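Visitor: Structure provided below as structure tokens; questions to follow.
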Amino acid sequence: MLKENKMKKAKKIILVFLIMFALFFVYTEIMIYSYLKDYGYGFKELPQATLVYFHLSDGFTVDTTEHGSIFIGAHDYIYDEVFLWGGYIKSDGMGMSTYYNRLGNENTSGSDLGVLSTNDWCHWFRVYEIHGSKKIEDF
């Protein structure tokens, strides 16, 4: 009898935990989606933006332009390590702009890659623009 009561309590605790986790996840999805809509994106970007928020992805490209690409990345993430793996090292940083040179390139008068982040603060993600021929997936 005592063992059955403990099993019932354990099941209730697990059920409450699962319900709380589900509510947290649904709330997170709703908030990310509302901010995506504010930035002009939609439901299509929601799964990838969720992965970015939970730091399971470095980011994903949402648009390419003649000057480079636009990607959604983590709002508080410094991409120096990601670009280092891709063969680029930080050469300069100024405000919301960061510049990178290829490893071994000692050219200090210019940069091989520029990354500009939006000034709009968003807890869930941030929109970045890479000036150059690369996309975030290339790193």
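None of the figures in this text is laboratory data; all of them are computed from the coordinates on show. What you are looking at is a predicted structure, and each value in this text was computed from that prediction instead of being measured. Note that we place each Cβ from the backbone using ideal geometry, even for glycine, and neighbour counts take in every protein chain shown.
Visitor: Which loop chymotrypsin sites (Phe, Trp or Tyr not before Pro) in segment 21-85, with loop taken from DSSP, have no more than 16 other Cβ atoms within 10 angstrom of their Cβ?
Guide: In loop regions of segment 21-85 (DSSP not H, G, I, E or B), the sparsely surrounded chymotrypsin sites (Phe, Trp or Tyr not before Pro) are F54.
Visitor: In degrees from 0 to 90, rounded to the nearest 10, what is the angle of the helix 2-38 Cα long axis to the longest principal axis of the chain?
Guide: So the inclination is approximately 30 degrees.
Visitor: For the chain, what is the number of Lys pairs with C-alpha distance below 20 angstrom, counting only pairs 8 or more positions apart or on separate chains?
Guide: Numbers: K3/K11; K3/K12; K44/K135; K90/K134; K90/K135.
Within the chain, the lysine pair count is 5.
Visitor: Give, rounded to the nearest 20 debye, the magnitude of the charge dipole that the chain has about its Cα centre when Lys and Arg contribute +1 at Cβ and Asp and Glu contribute -1 at Cβ.
Guide: On the way: 13 positive and 17 negative charges, 274 e Å.
For this selection, approximately 1320 debye.
Visitor: What whole-number distance in Å separates the alpha-carbon centres of segment 53-98 and segment 1-34?
Guide: 36
Visitor: While we're here: Hey, what D do you get for segment 19-139 in µm²/s if you plug the Kirkwood alpha-carbon radius into Stokes-Einstein at 25 °C and 0.890 mPa s?
Guide: On the way: Rh = 15.2 Å.
Translational D for this selection: 162 µm²/s.
Visitor: Hey, another quick one. Among E45, E66, which comes first, second and so on when ranked by fewest other beta-carbon atoms within 10 Å? Write out the running numbers ahead of the final one.
Guide: Working: E45 20, E66 4.
Ordered by Cβ neighbours within 10 Å, fewest first: E66, E45.
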